[in-house]
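The values are calculated or read from the model by the stated rules, or taken from the named source; none is laboratory data. None of the values given here were measured: they were computed from a predicted structure. All Cβ positions, glycine included, derive from the backbone under ideal geometry; neighbour counts span all protein chains shown.
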Amino acid sequence: MTWVMNLIMFICIVPSTILMFAIGFTDKAGKKKMIFGVRDNPKFHEGEAEKKLKATVKSCRRNALIITIAVCIASIILLFMPVTDTTMTLWMILVFAMLLIAVPFGKGNTELKDLKKELGITKSGLVYTDLTNANVIHSLKLTWLLIPNALALIATIAAVLIDLGIINVNMVCEKYALTSLSLSFLFIAALIVPIAIMMDNTRNMVISKDSNINANYNRAKKKVWADLIISMSWANALFLVSYLILVMFVKSDIVMLAGILVYTLIILAIVIAGAANQKSIESRYERDTDLDLLDDDDNWILGMFYYNPNDSRLNVEKRFGYGGTVNIAHPAGKAIMIVLAILLISSIAYIIWAASTGHIPDGTVNIIHR
Amino acid sequence: MIIKIDEYSDLPIYMQIRNQIVMGISSGELKGGEQLPTVRALALEIGINTMTVSKTYQLLKSEGYIMTDRKNGARVRPDISKSGEISEGNKSELKRIVSEARLSGVSKEQLKELIDEFY
């Protein structure tokens, strides 16, 4: 039974690491708009500068590859280990180890910014705005987002009522297990809705002098995001409903874990499909880009964190990875970052505490076998 | 219509937006009656304060290029008054440009060619 838990962790970690490597560490420097979060410049491809650029890309890519391979090998080893407290601790450590891939990215970003200074590439302060498309390009259909999340809410209410004994059902799981599981999924739903709205309201990119091209490009990008988040919401809601039914009526841990496995695979497939669509849109519109875009590299700390006090926007598109991030200079951005930092620190503290006391959850709902 | 804002320009941002909207109306890119984005939408798109955009719209309205109302937002005026005269401010600006061009060795013909191109 326990191998399923290992498989779930493996599916969560390995593809994510490979995806981060593939997106952030391309070997096609010069063919992409960004290299390590720094906007590509023709001066990078002249004489000595090109040698330096290639050396930086090669070195950072190699380091990232080493981290990726190490994480993958460690995951393969853990996959075949019995699920014990130690194994679970190691999986949790591996989740954080996976984030180390950001280190070579940050290093590459710093080196390329230094190269820019050496080459005397001055910051361009040009901001393009398409008057025709300002705030009129949206792809999110709110109803399709709210229906699955409302379903998740109803399932959570049902779980609470069952646990409180108001709805009488022949329970096969521990008391309040349903409520805690449902609330955790409802928490995801509560996060998804504002993220979806935020992504649908991101600033439109101006890539061309032609407003129609800009409109189509931004609509396509927002559609990918909307589809991804709506699909995730549906997966979340359907999983929650199915899981509640299974927990109530099926007396089998393996079925529960298999359910989580299927859910993980579905989420993974949704993310991969979204990333592939996004990539395809970028390459489709690459040839239509006829404007020198704003050089705001200095506002990107290590190419990952956006800090621009002169920008009133809260959300911007990420430069490392896939999706959006917040402007840390914005008051709401500061609050979000503080919450994230607290979550990260408390997770690390929890791992240390759990490893030292042996209180590691195995991720299953404890079934009462009657 | 694409507008270009130079963050390092000496010209204030509200004037840059104002100038480009005027040029857009003059060139026909923005047609009479065409809807302009709301103050908030435009401010979000450029990433500037709403007060800056509001100042631009107020200026354009006072100059008679756009009309605003609470229901329809801002629109380009379909009947911009044609006085047939260059304002004193523009005359003074033109004088400065001609003087600088002359000092730079630009001939009168070259200037006329430019005027023909931009008109």
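Has region A:137-151 got any residue that is without any contact (Cβ under 8 Å) to a residue 12 or more places away in the chain, among the hydroxyl-bearing types (S, T, Y) and closer than 30 Å to B:A41 by Cα?
For region A:137-151, residues without any contact (Cβ under 8 Å) to a residue 12 or more places away in the chain, among the hydroxyl-bearing types (S, T, Y) and closer than 30 Å to B:A41 by Cα: present.
From A:L181, A:L161, grab the single residue that is touching a residue at least 40 places away in the same chain (Cβ under 8 Å) and part of a helix (DSSP H, G or I).
Numbers: A:L161 fails: touching a residue at least 40 places away in the same chain (Cβ under 8 Å).
On inspection, the qualifying residue turns out to be A:L181.
What is the number of the single condition among (1) crowded, with 16+ Cβ neighbours inside 10 Å; (2) more than 23 Å from the chain's Cα centre (by Cα) that A:E118 does not meet?
Just one mismatch for A:E118, condition (1).
Tell me, which residue of region B:43-54 that is at the interface with chain A (Cβ under 7 Å from one of its Cβ atoms) and touching a residue at least 24 places away in the same chain (Cβ under 8 Å) is surrounded by the most Cβ atoms within 10 Å (Cβ to Cβ)? Show your work before the answer.
Here is the first cut: in region B:43-54, the residues at the interface with chain A (Cβ under 7 Å from one of its Cβ atoms) are B:43-49.
With the extra rule that they be touching a residue at least 24 places away in the same chain (Cβ under 8 Å), the set shrinks to B:46, B:48.
Details: B:I46: 25, B:I48: 23.
Taking the candidates together, the pick is B:I46.
In the set A:L238, A:L265, A:L302, which member is more than 14 Å from chain B (Cβ to nearest Cβ), under 28 Å from A:G333 (Cα atoms) and modelled with pLDDT of 85 or more?
The unique qualifying residue is A:L302.
Are there any pairs, at least 6 apart or on different chains, whose C-beta atoms fall under 6 Å, with the first in region A:30-53 and at positive phi and the second crowded, with 18+ Cβ neighbours inside 10 Å and among the aromatic types (F, W, Y), and if so, which?
Correct list of pairs: A:F36/A:F105; A:G37/A:W300; A:G37/A:F320.
Can we say B:E93 is in a helix (DSSP H, G or I), at negative phi and surrounded by 11 or more Cβ atoms within 10 Å (Cβ to Cβ)?
Details: in a helix (DSSP H, G or I): yes; at negative phi: yes; surrounded by 11 or more Cβ atoms within 10 Å (Cβ to Cβ): yes.
Spelling it out, B:E93 is indeed in a helix (DSSP H, G or I), at negative phi and surrounded by 11 or more Cβ atoms within 10 Å (Cβ to Cβ).
So which residues in region A:281-335 are in contact with a Ser or Thr (Cβ under 7 Å, 6 or more places away or on another chain), polar (S, T, N, Q) and assigned to a loop (DSSP other than H, G, I, E, B)?
A:T289 - this is the single residue of region A:281-335 that is in contact with a Ser or Thr (Cβ under 7 Å, 6 or more places away or on another chain), polar (S, T, N, Q) and assigned to a loop (DSSP other than H, G, I, E, B).
Could you go through region A:161-176 and let me know if any residue there is among the aliphatic types (A, V, I, L, M) and under 29 Å from the mean Cα position of the chain (by Cα).
No, there is no match, as no residue in region A:161-176 is among the aliphatic types (A, V, I, L, M) and under 29 Å from the mean Cα position of the chain (by Cα).
Before we move on, is A:L191 in a helix (DSSP H, G or I), away from chain B (no Cβ under 14 Å), more than 30 Å from A:K54 (Cα to Cα) and not small (G, A, S)?
Details: in a helix (DSSP H, G or I): yes; away from chain B (no Cβ under 14 Å): yes; more than 30 Å from A:K54 (Cα to Cα): yes; not small (G, A, S): yes.
Here the answer is yes, as A:L191 does meet what is asked.
Just to check your reading of the model, which residue among A:L153, A:L145, A:L140, A:L90 is more than 14 Å from chain B (Cβ to nearest Cβ), modelled with pLDDT of 85 or more, in a loop (DSSP other than H, G, I, E, B) and within 29 Å of the chain's Cα centre (by Cα)?
On the way: A:L153 fails: in a loop (DSSP other than H, G, I, E, B); A:L145 fails: in a loop (DSSP other than H, G, I, E, B); A:L90 fails: in a loop (DSSP other than H, G, I, E, B).
From the options A:L153, A:L145, A:L140, A:L90, the qualifying one is A:L140.
Taking region B:13-37 on its own, how many of its residues are under 13 Å from B:R75 (Cα atoms), assigned to a loop (DSSP other than H, G, I, E, B) and more than 7 Å from chain A (Cβ to nearest Cβ)?
5
Report whether or not B:L36 is over 30 Å from A:V316 (Cβ atoms) and free of Cβ contacts under 8 Å to residues at least 60 places away in the same chain. Lay out the reasoning, then the answer.
Numbers: over 30 Å from A:V316 (Cβ atoms): no; free of Cβ contacts under 8 Å to residues at least 60 places away in the same chain: yes.
In short, no.
Being of a type in the set (G, A, S) and assigned to a strand (DSSP E or B) is the filter; apply it to region B:62-82 and report the residue that is surrounded by the most Cβ atoms within 10 Å (Cβ to Cβ). I'd like the intermediate steps shown before the answer.
As a first pass, look at region B:62-82 and keep what is of a type in the set (G, A, S): B:62, B:64, B:73-74, B:81.
Imposing the further condition that a residue be assigned to a strand (DSSP E or B) reduces the set to B:73-74.
Values: B:G73: 16, B:A74: 21.
The selected residue is B:A74.
Here is a yes/no grid of residues against (1) closer than 20 Å to A:Y217 by Cβ; (2) of a type in the set (D, E); (3) surrounded by 12 or more Cβ atoms within 10 Å (Cβ to Cβ):
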| residue | (1), (2), (3) |
| --- | --- |
| A:M304 | no, no, yes |
| A:R319 | yes, no, yes |
| A:P331 | no, no, no |
| A:Y350 | no, no, yes |
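Among the residues in region A:113-125, are any assigned to a helix (DSSP H, G or I), in contact with a strand residue (DSSP E or B) (Cβ under 9 Å, 6 or more places away or on another chain) and of a type outside the set (A, V, I, L, M, F, W, C)? Spell out how you get there, then give the answer.
Looking only at region A:113-125, we keep the residues that are assigned to a helix (DSSP H, G or I), and these are A:113-119.
Narrowing the set further to residues that are in contact with a strand residue (DSSP E or B) (Cβ under 9 Å, 6 or more places away or on another chain) leaves A:113, A:115-116.
Now restrict to residues that are of a type outside the set (A, V, I, L, M, F, W, C): A:113, A:116.
Looking through region A:113-125, at least one residue is assigned to a helix (DSSP H, G or I), in contact with a strand residue (DSSP E or B) (Cβ under 9 Å, 6 or more places away or on another chain) and of a type outside the set (A, V, I, L, M, F, W, C).
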